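Read-outs: derived from the displayed coordinates by stated rules, not from any lab. Quick caveat: nothing in here was measured; it's all calculated off a predicted structure. Here the Cβ is made from the backbone with ideal geometry for all residues, glycine too, and neighbour counts use every protein chain on show.
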Amino acid sequence: MQQAIGIRSIDDLFSPIPAEYRLARDLAVPRQMAESEIVDWFKQRAKENGEGYSSFLGAGAYFHYRPVVIDALVQRGEFLTSYTPYQAEFAQGTLQAIFEFQTMISELTGMDLANASMYDGSTAAAEAVMMAVRVTGRQAAVIARNLHPEYREVLNTYATHQAIPQQTVGFTSSGQIDLKQLEKLVGDDTACVLVQSPNFFGTIEDVEAIADIAHKRGALLIVSIAEAVSLGIVEPPRTADIVAMEAQSFGVPLGFGGPYCGVLATKEKFVRQMPGRLAGQTVDKNGKRGFVLTLATREQHIRREKATSNICTNQALVALMVNIFMTVYGKVGLRELAKQNLAKAAYAADQFSKHAKVLFAGAPRFNEFVAETSEDPYAINSRLLGHKIVGGLPLKKFYPELGNAALWCCTELTTRSMIDTAVGLVAESERSLLTKDAEPEEVTR
Amino acid sequence: MTTKHITRKATRHVNQNEGLIFEKSSPGKAAWKLPPLDVPEVDTAKLLGKQERKDLGTMPEVSEIEIIRHFTRLSTWNYAIDLGMYPLGSCTMKYNPRVNEFVARVEGLANGHPYQAEKISQGALQIMKTLSDCLLEITGMDAITLQPAAGAQGELTGLLMVRAYHESKGNARKKILIPDSAHGTNPATAATVGYAVENLKSNQRGMVDVAALAAQMNEDVAALMVTNPNTLGVFEQEIHKIADLMHDKGGLLYMDGANMNALVGKTRPGDFGVDVMHLNLHKTFSTPHGGGGPGSGPVAVKKILAPFLPTPVVITNPNGTLGFEYNRPQSVGRVRAFYGNFGMFIRALAYIFANGPDGLRQTTEDAVLNANYIRKGLEGTFDLPYDTPSMHEVVFSDKLQSKKGVRTMDLAKRLIDYGFHPYTTAFPLIVPGALMIEPTESEPKEELDLFIEAMKSIAEEVEEDPQFVLDAPHNTRISRLDETAAARKPVLRWKP
């Protein structure tokens, strides 16, 4: 090949790089490894990463069963190793799958249509706020304090340079947002109200009432959904204008936080202000049905600095996992799955309430609940780790006012014996605190 | 005429038809089974009241074999790297090693929860730390965040840091300079961060015009966003002068790392004056494109920008364990929940392990060699608008073929019939009718020869029967689709 090109050595090809910037040494990275060594190295890391623990963690990342057909199908090279389907004739598989994904997400969220996916639930929520600003021509946003705290942080980052003033609406003793306060905060300059349901505490919001307040003043309502399985049994936010969702629960591995699958769904009239890719149905020259990426004039590669967003990729392969999961469970299975989640959390909350204070009673919840203990939950969790159980998420980092409260999650994979063991340890800790000052072991985050 | 131009790489074969999944659905079919409930049943109406959902609408009901067939049939309608060369310029469609997929699915890594205690997260933290160290060594930079979900979010993160840096000096400045050859995300990102965009013209050789830059650079400019090698596949030979010009006026040099596959192991952006850059793990570091994501866009910076990195960052505790540091008062904040696309970190690190220093260097050399082999093979057949030396990709134009009314997109569509994915069309914007070709290091000489043969054959077809090329593709399941109709009256979901 060098001869064909007419060069003497490979280095001739790198002559455009000024000599003083050419690297004359080896990179100081680990030496080349054999495949068996690579596998061993990562298996070792997995052992140091909570392998074999059962967990009560949720809070925006949920451990649900993943049907094996998901990985069997997404690992087909034709899906795994293809690019964004810009050449439609050659990418109908990906395009039709996206079209089916958009259909199922619209159906489940109660919206008219959905996009092909976003990075994750947090960026989807931030993009939804910017979309509402474009739709309404107003600038301000009212954000629920019981929206996932990291989603709020991401929104802050995105909003900083968009001049979007934010106000926070608090929550009441039911864990739901304070409607009276919301009434006062929503004004004629409010572009949108952003809430999460089920919210960060697992409580289901009264979306209709919130929508009334927002719509009365001409603001849009954005509902963030972090636990997608809830849609199997909880009425979707049909009165919302935009749904910003995290679909990780639908067949995407926890994977220490990513990649996940954000998605936006909305009313038909707002579609041209929605960011992200969209697959649309059309016909070919012979009248045969086919699919293309459409409404690209919203996007950065056409509009450059005037685009609706700088977003370029979506999460196609992860959206395909979600798609297959929704297809496997379907109309009946999703409801049954959601019912099991509901039942497990209801049982666990009931058991916890015998020994600790379960907060935010009085409003319906899905598969998470908040329990307050006398002892620091970090200390309780540290002891639970000894039983190979990961306890609920201590909330004081995000909500100092909630003191020793922790957020516990149960899914269909949480067994009764896990729940009973955890409750037993919590009960023991509460009892010992009554008798003597317990000495907490090493406190981990 | 088709008998004369034989497509050696591809043959037509039987292709299964398949409807939408909703069209196969019927009540009672199921592909799921839940274990018996080990806690008491609940009364959903009592628990949820008016919040109970009664109906899931038109969600499908199908059996497992139907699901397997449905998605398998759809998959056969796609082209993929696994089927052959995918020469999309600036997209770096290289082989996606299967060991990457295997290790990403090891249980403790696939099932790790982002909020589990650091004590039982040391494996994940070690992966993040090791990958960070490798990427810093490869780029010659000082500090890094792995959080951004994709290249465009990496750009956003980088520019947020640029802005925070200037603000810390008391003046955020007003604009970002962007060469006319840049990718569309660059100006879109600058606008998101609240900067005005000012275009910078390329010179005769397709590089940043240093004299023009000197004239345009002033105290209002926050940064220059440069892609190097640029979208013509040309290395910015005066990059150090560009860096000096920026730094002299207090500006920063941002490098879009989309084309890092031309540099790894041969030169380091940190050494030639770059202050901040993003990488695309899904390009240079072999994580799969998956039909359009997930990507991963780490951002590497020089020391002066380190205080502004998104939170949290991975640190080594005094006792030697690893942890996350959240208390960083000058941070630009979070750009996404949790820590980034961790699954992609695993795959990228497995790629670095499989290569080592020698392999990484050879990868770059082979990528550049392959691009130059194609350039040599197609020179004369297609117009080469800039004869500046090519690195990992080469950009031709359709100037010769357009005389017959055949444009780059038409040539691309005909290439599909020859069993190849098209190259990148109509980009960069400074080349009218561009054919942007990036073969990557993955292609053996046999595949490159087939590609060159196909392109030459298409050029002959243009001379003999341009209409035949304009009507391409001829061998796909469907012919060219009506995109105008799709956009005018969008049908974005199935309805019964």
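Could you work out how far helix A:121-136 tilts from the main Cα principal axis of chain A, as a 0 to 90 degree angle to the nearest 10?
80
In percent, what relative contact order does chain A have, based on Cα pairs under 8 Å that are 6 or more apart in sequence?
Over chain A, the number comes to 20 percent.
Given labels modelled 7 Å from the Cα in the Cβ direction, how far is it in nm from A:Ala209 to A:Lys397?
Using points 7 Å along Cα→Cβ, the separation is 3.2 nm.
How far apart, in nm, are two points set 7 Å out from the Cα along the Cα-to-Cβ line at A:Asp112 and at A:Glu183?
3.1
Radius of gyration and Dmax for the range B:11-117's Cα atoms, expressed in Å?
21.5, 62
Can you pull the semi-axes for chain A, root of five times each eigenvalue of the Cα gyration tensor, sorted largest first, whole Å?
Working: eigenvalues 315, 202, 103 Å².
Three semi-axes, in Å: 40, 32, 23.
Could you work out [θ]222 nm for the protein assembly as shown from helices alone, using -39500 (n - 2.57) per DSSP H run of at least four and dividing by all its residues? Round to the nearest 500 deg cm²/dmol.
Working: 28 runs with 331 residues, N = 941.
Calculated at 222 nm, the ellipticity per residue is -11000 deg cm²/dmol.
Going 7 Å from the Cα of B:Lys489 in the Cα-to-Cβ direction, what parts of the range A:256-296 have a backbone nitrogen less than 14 Å from that spot?
Those under the cut-off are A:281-283.
Taking 0.36 nm per residue of sequence separation and subtracting the Cα-Cα distance, how much length would be gained by fully extending the chain between B:Leu429 and B:Lys403, in nm to one decimal? Walk me through the intermediate numbers first.
Working: separation 26, 0.36 × 26 = 9.36 nm, distance 1.98 nm.
Fully extending the segment from B:Leu429 to B:Lys403 adds 7.4 nm.
When you look at the Cβ of every residue in B:180-190, what mean number of other chain Cβ atoms sits within 10 Å?
Details: counts 0, 0, 1, 4, 10, 10, 4, 7, 13, 7, 3.
Mean partner-chain Cβ count within 10 Å for B:180-190: 5.
May I ask you to sort B:Cys134, A:Cys192, A:Cys261 by Cβ crowding, counting other Cβ atoms within 10 Å and putting the fewest first?
Listed from fewest to most nearby Cβ atoms, that is B:Cys134, A:Cys192, A:Cys261.
Relative contact order of the range B:7-112: what whole-number percent is it, with Cα pairs under 8 angstrom and at least 6 residues apart?
30
Holding the Cα-Cα limit at 21 Å, pick out from A:Lys331/B:Lys29; A:Lys180/A:Lys354; B:Lys9/B:Lys445; A:Lys180/A:Lys216; A:Lys288/B:Lys94; A:Lys388/B:Lys119 the pairs that are longer than that. Let's see the in-between values first.
Details: A:Lys331/B:Lys29 10 Å; A:Lys180/A:Lys354 33 Å; B:Lys9/B:Lys445 14 Å; A:Lys180/A:Lys216 14 Å; A:Lys288/B:Lys94 33 Å; A:Lys388/B:Lys119 12 Å.
Beyond 21 Å between Cα atoms: A:Lys180/A:Lys354; A:Lys288/B:Lys94.
Return the average number of partner chain Cβ atoms within 10 angstrom of each residue Cβ along peptide A:66-78.
On the way: counts 2, 5, 0, 6, 2, 3, 4, 7, 6, 5, 8, 9, 13.
Mean partner shielding for this stretch: 5.
Output needed for the range B:230-365: three equivalent-ellipsoid semi-axes, defined as square roots of 5 times the C-alpha gyration tensor eigenvalues, in descending order, whole Å.
On the way: eigenvalues 128, 104, 44 Å².
Largest first, the range B:230-365 gives 25, 23, 15 Å.
Too long at a 18 Å Cα-Cα cut-off: which of A:Lys344/B:Lys50; B:Lys413/B:Lys456; B:Lys283/B:Lys303; B:Lys54/B:Lys495? Walk me through the numbers on the way to the answer.
Details: A:Lys344/B:Lys50 21 Å; B:Lys413/B:Lys456 15 Å; B:Lys283/B:Lys303 26 Å; B:Lys54/B:Lys495 20 Å.
Distance filter (> 18 Å) returns A:Lys344/B:Lys50; B:Lys283/B:Lys303; B:Lys54/B:Lys495.
Take the Cβ-Cβ distance between B:Asp482 and A:Arg431 as r, set R0 to 51 Å, and report the resulting FRET efficiency rounded to the nearest 0.05.
0.10
Once both labels are modelled 7 Å past Cα along the beta-carbon direction, what's the B:Phe102-A:Lys47 spacing in nm?
1.8
Mind checking the mean number of beta-carbon atoms from other chains within 10 Å of the Cβ atoms in A:339-345?
Numbers: counts 6, 8, 0, 5, 8, 4, 3.
Taking all residues of A:339-345 together, the mean is 5.
If neighbour count is taken as other Cβ atoms inside 10 Å, put B:Phe338, A:Phe398, A:Phe250 in order from fewest to most. Each step should come with its number before you reach the end.
Working: B:Phe338 23, A:Phe398 17, A:Phe250 29.
Ascending number of Cβ neighbours within 10 Å: A:Phe398, B:Phe338, A:Phe250.
Taking every pair of alpha-carbon atoms in the range B:445-496, give the share separated by more than 19 Å as a whole percent.
Details: 731 of 1326 pairs.
Beyond 19 Å sits 55 percent of the P(r) for the range B:445-496.
Using a Förster radius of 41 Å, what is the FRET efficiency between A:Gln3 and A:Ser36 based on their Cβ-Cβ separation? Nearest 0.05, please. Let's see the in-between values first.
Values: r = 37 Å, r/R0 = 0.91.
Computed FRET efficiency for A:Gln3 and A:Ser36: 0.65.
Report the full-extension gain for the segment B:Glu118 to B:Asp449: residue separation times 0.36 nm, less the Cα-Cα distance, to one decimal in nm. Don't jump to the answer; show the numbers that get you there.
On the way: separation 331, 0.36 × 331 = 119.16 nm, distance 5.21 nm.
Extra length from B:Glu118 to B:Asp449 when fully extended: 114.0 nm.
At q = 0.10, 0.11, 0.18 Å⁻¹, what log₁₀ I(q)/I(0) does the range B:374-478 have when each alpha carbon counts as one equal point scatterer in the Debye sum?
-0.25, -0.30, -0.84
Pairs of Cα atoms under 8 Å, at least six residues apart: use those to get the relative contact order of the range A:314-413, whole percent.
On the way: 108 pairs, mean separation 27.0, N = 100.
The normalised contact order for the range A:314-413 reaches 27 percent.
In vacuum, with every alpha carbon of the range A:1-101 counted as one equal point scatterer, what does the Debye formula give for log10 I(q)/I(0) at q = 0.10, 0.18, 0.19 Å⁻¹? Two decimals, please.
Rounded to two decimals, the profile gives -0.75, -1.06, -1.07.
Take chain A, connect every pair of alpha-carbon atoms lying under 10 Å apart with a spring to form a Gaussian network, then pick out the residue of A:Phe99, A:Phe14, A:Phe366 with the largest mean-square fluctuation.
Of the options given, A:Phe14 has the highest mean-square fluctuation.
For A:His387 and A:Thr239 in the same chain, what is the full-extension length gain: residue separation times 0.36 nm, less their Cα-Cα distance, in nm?
Taking A:His387 through A:Thr239 to full extension adds about 48.8 nm, to one decimal.
With r defined as the distance between the Cβ atoms of B:Asp387 and B:His240 and R0 fixed at 25 Å, what FRET efficiency is calculated, to the nearest 0.05?
Details: r = 23 Å, r/R0 = 0.93.
Here the calculated transfer efficiency is 0.60.
Which of B:Ile242, B:Ile138, B:Ala149 sits closest to the plus end of the dipole of the range B:109-258, meaning its Cα is farthest towards the positive end, when Lys and Arg get +1 and Asp and Glu get -1 on the C-beta?
Checking the options against the dipole of the range B:109-258, the answer is B:Ala149.
So what's the protein assembly as shown giving for Cα Rg divided by 2.2 N^0.38 Å, two decimals?
Numbers: Rg = 27.5 Å, N = 941, 2.2 N^0.38 = 29.7 Å.
Rg over 2.2 N^0.38 Å, computed on Cα atoms: 0.93.
Which of the peptides B:365-376, B:171-182, B:139-150, B:397-408 is most tightly packed, and how do the rest follow, going by the mean number of other Cβ atoms within 10 Å of each residue? Present the calculation step by step, with values, prior to reporting the outcome.
Working: B:365-376: 23.1, B:171-182: 20.6, B:139-150: 24.8, B:397-408: 19.1.
Going from most to least packed, we get B:139-150, B:365-376, B:171-182, B:397-408.
Provide the three semi-axes, in whole Å and in decreasing order, of the ellipsoid equivalent to the range B:48-97 as defined by the square roots of 5 times the Cα gyration tensor eigenvalues. Spell out each step's value before the answer.
Working: eigenvalues 315, 63, 16 Å².
Over the Cα atoms of the range B:48-97, the semi-axes work out to 40, 18, 9 Å.
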